[in-house]
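Data block below; observations after.
Values in this text are rule-based calculations from the coordinates and carry no lab data. This is a predicted model, so every value here is computed, not measured. FYI the Cβ positions are ideal-geometry reconstructions off the backbone, even for glycines, and counts take in every protein chain you see.
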Amino acid sequence: MRHGLAAILAVIVVARLCGADSVYAAAQFAASMPQEALRRCGIRYNKRLGKYVPPSHKTIKRAVRKIDAEAADRQLCAWLRQEAAAGWLNWRHIAVDGKTVRGARDAGGKAPHLLSAYDVTAGTVLGQDEVDGKTNEITCFVLWVPEISSTSCDQVIFVDQASDASLSSDAVLLKIDRFG
C-alpha cells in the first residue's frame, strides 16, 4: 500500500466526522481535502507530483477490509476518552436508545417501551421517557434536543439505528450518526 494504514484511517475519521457516510464518500472527501489537511493526516508526499496525493476509493476500501473493526473501535474510544479527560475535546457523546422493559406490564398488560438519553462523557442519564412504541421514539427525542443542547460545547449525538433521523435545531448544530 502506497499510504500507511494509520494515515488512511485518519482520513476516514476526518471524512466521517464531516459527514461522509460510505467508503465512496470518504474517497470523494479525501480528494477534496486541502494539502495541509492531507499532511496532518499523515498522507505521504509524492515528490514526482510535488503534492500530497489522497488515497483512492480502492485504497480506502482495502484498508477498511484489513482492520479488525472491534479492536479499532476499542482503540478509538480509548483515545477519545483520553483526549476528553485531558481537556482537548469540547464535546459530549450522547447515546440515545429505546428498549422494551421485559417482565413489566402497564395497566393494559403491555410491556412499557422506554427511550433514554445517556451522556457517555459525563456518565449521567439525561432523560428517560415512556414512549408509545418504537414508532414514536423520534417524536420523543426531538422534544429533548433543546434541553440536551443547552450547553456551550460542540456536540456529537449518536442515535440508535431504529431511531435514525435527520434532526436539526436552531440552538446548535447537531452531528447525527448511526450507532447500531
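The slack between R40 and E70, meaning 0.36 nm per residue of separation minus the straight C-alpha distance, is 8.3 nm.
Each residue of the range 116-127 was assigned a 3J(HN,Hα) from its phi angle through the Karplus curve 6.51 cos²θ - 1.76 cosθ + 1.60 (θ = phi - 60°); the sequence is 10, 10, 10, 7, 5, 4, 8, x, 10, 7, 8, x Hz, with glycine and proline shown as x.
Karplus-derived 3J(HN,Hα) values for the range 12-18, using 6.51 cos²θ - 1.76 cosθ + 1.60 with θ = phi - 60°, are 4, 4, 4, 4, 5, 5, 9 Hz; glycine and proline are entered as x. Along the Cα-to-C-beta direction of W88, a point sits 7 Å from the Cα; which residues of the range 6-31 have their amide N less than 16 Å from that point? Output list for this probe position: 7, 10-11, 13-14.
Our coupling estimate for the range 38-48, obtained by passing each phi through the Karplus curve with A = 6.51, B = -1.76, C = 1.60 and θ = phi - 60°, is 4, 4, 5, 7, x, 5, 5, 7, 8, 5, 4 Hz, Gly and Pro reported as x. With neighbour counts taken as other beta-carbon atoms within 10 Å, the residues T124, T59, T100 rank, fewest first, as T124, T100, T59.
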